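A.B. asks: Here you go, one structure.
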Amino acid sequence: MRMRMLLESDVPPGRLVLWRVAPGTVAAAQEAPEHPAPPSFVQEEHLRQALVRRSHGRRQPRWHAGAVEIAGTVAPAALEHALTGLLERHDTLRSGFRTDGTRIHRFLMAPHVIALVTEDAGEFDTSAALCEHLASYFDDAIRTLEWPAYTFAAVLRDSSATLLAAFDHLNSDAYSVATAMREVHELYTAHVEDRPPALEPAASYLDFCAAQRQDPIPGEEVAAAVSHWAAFLSDGLLPQAPIEPDVASGPTPTLVNQEFEFLNHSIVAAFEKWCRRNGQTLFTGLLAALGQASFAIAGRSVFRTIVPLQTRKDPAAPSLGWYINAAPIRFTVSSRDSFESTLADAGTATRAALHHLGVPFERVEYELDGELIVQSAFWTSYLDFRPLPGTRHQKPVEAQLLTGNRSGTGIDLFLNRTEAGLSVRARLPDVEATRGNVAAYLAAFTETVTTFAS
């Protein structure tokens, strides 16, 4: 699954069809009874931040979308059948939240009561005009504090179609978007072929949310996680990117999401083999290479970042939801001549972070008695899209992960592995000097990986 910004993507033009949850269903949701499952810790934090922004008259769209190609002449009715099937399978998409000012509580719609309505948005002659329209539509239609926080679209052509599904982060992480696109593709294909869909039963995200609160975390585990974070923040500062964003004073620049490097499958497999010979994983090796690059480019002898880690209880069960915890990574970087030492230190740091994965970051933040604006920190995301849950009976489906526009001054990295190799992307301010700095940094990272892969 390749990641890119929607406005920089190349979705072929055609006739645009939109699907929204029907107004009658939205009205019925206002009367839906309260459901006992609380929001997950990360959902609650996301909702509270959205409430704060609303109280200040601000709103920042936080959606991401999946796009998948479907061959042949596609009927909108068949796509609607597949989208309805997706809503019936996953409880988080039928679930929303209300707040009375002090408490956030959940409601849940029954599987077979959600109806979709179709809107024909007309023909688009260019990809640029189409993507600009879609980005504006997703920005307006997807609101964290309003249900449903998702919407669907398709671009129809004579011999193919592009299906898009956009979700607020409240309902999904990147794995969930990839899972949703594979499932919709299979639901559509099974419908037109008049056969049952080859899908595993979906796991409940609401059950996961309930278990987070019902299963008490031992006090010593919480204390250990808090101590780990406190040591990471010993200087009182969140980690920043090893390269300077080089942003001048003035209006906050738009962030762009750009692919800087791509390492093919052979290089990635060879580097992974080298890492395992040295007792480490590919993920650890990639972190070590990023640390080595920060030493080479910026002279930093300590590498610090925050990584999002999966919290799915059963990785084999397909489930849509936001299964993410934040983990701090800090290790010492040695000289180029002792990369094995850097790799070992990165491995120790990664294992320490994984040891505290069962304690949600939001609980740590509460215990630290202060709000950590981790969104402003330097994040490094690694995702392996090859073994998606519940897809062992399906043919591979090539999909894209599309993101919307945001503004900011920070830099984040995204390392996404597919069958083809490793995409190395950065989200960074749209400033020419910053692009040059990031390009040099990631070129040094790539040089380290390719050197030890050979």
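The values are calculated or read from the model by the stated rules, or taken from the named source; none is laboratory data. Worth saying up front: this structure is predicted, and the values here are computed from it rather than measured. Note: ideal-geometry Cβ built from the backbone for every residue, glycine included; neighbour counts use all protein chains shown.
A.B. asks: With farther than 30 Å from E259 by Cα, modelled with pLDDT of 95 or more and touching a His at 6+ places or on another chain (Cβ under 6 Å) as the only criterion, which of H81, H90 stands out?
C.D. replies: H81
A.B. asks: In addition: Name the one entry in A153, A165, A225 that is touching a Phe, Trp or Tyr at 6+ places or on another chain (Cβ under 9 Å) and either free of Cβ contacts under 8 Å to residues at least 40 places away in the same chain or not assigned by TED's automatic domain parsing to the domain that holds I104 (or both).
C.D. replies: A225
A.B. asks: Please work out which one of (1) crowded, with 20+ Cβ neighbours inside 10 Å; (2) out of contact with any strand residue (DSSP E or B) (no Cβ under 6 Å at 6 or more places or on another chain); (3) within 27 Å of D314 (Cβ to Cβ) is the condition I243 fails and give its number.
C.D. replies: The failed condition is (3).
A.B. asks: Still on this structure, please answer the following. Name the residue, out of L368, L401, that is out of contact with any His (no Cβ under 9 Å at 6 or more places or on another chain), of a type outside the set (F, W, Y) and modelled with pLDDT under 95.
C.D. replies: Checking each option against the conditions leaves just L368.
A.B. asks: Are any residues in the stretch 263-300 part of a strand (DSSP E or B) and surrounded by fewer than 17 Cβ atoms within 10 Å (Cβ to Cβ), and if so, which ones? It would help to see each step written out before you state the result.
C.D. replies: The first filter runs over the stretch 263-300 and keeps only residues part of a strand (DSSP E or B), leaving 263-264.
Result: N264, single match.
A.B. asks: Further question on the same structure: With the requirement that a residue be touching a helix residue (DSSP H, G or I) at 6+ places or on another chain (Cβ under 6 Å) and either of a type in the set (A, V, I, L, M, F, W, C) or modelled with pLDDT under 95 (or both), what does the stretch 264-291 give you?
C.D. replies: Once the filter is applied, which keeps residues that are touching a helix residue (DSSP H, G or I) at 6+ places or on another chain (Cβ under 6 Å) and either of a type in the set (A, V, I, L, M, F, W, C) or modelled with pLDDT under 95 (or both), the stretch 264-291 yields I267, A270, F271, W274, C275, L282, L287, A288, A289, L290.
A.B. asks: Return only the number of the condition from (1) modelled with pLDDT of 90 or more; (2) closer than 20 Å to R2 by Cα that P389 does not satisfy.
C.D. replies: (1)
A.B. asks: Do any helices (runs of 4 or more DSSP H) lying entirely in the stretch 1-110 carry at least 2 residues that are in the same structural domain as A128 (by TED's automatic domain parsing) and under 20 Å from the mean Cα position of the chain (by Cα), and which ones are they?
C.D. replies: The qualifying helices (runs of 4 or more DSSP H) are 41-55, 76-89.
A.B. asks: Checking P23 against (1) in contact (Cβ under 8 Å) with a residue 12 or more places away in the chain; (2) on the phi > 0 side of the Ramachandran plot, which single condition isn't satisfied?
C.D. replies: Result: P23 fails condition (2) only.
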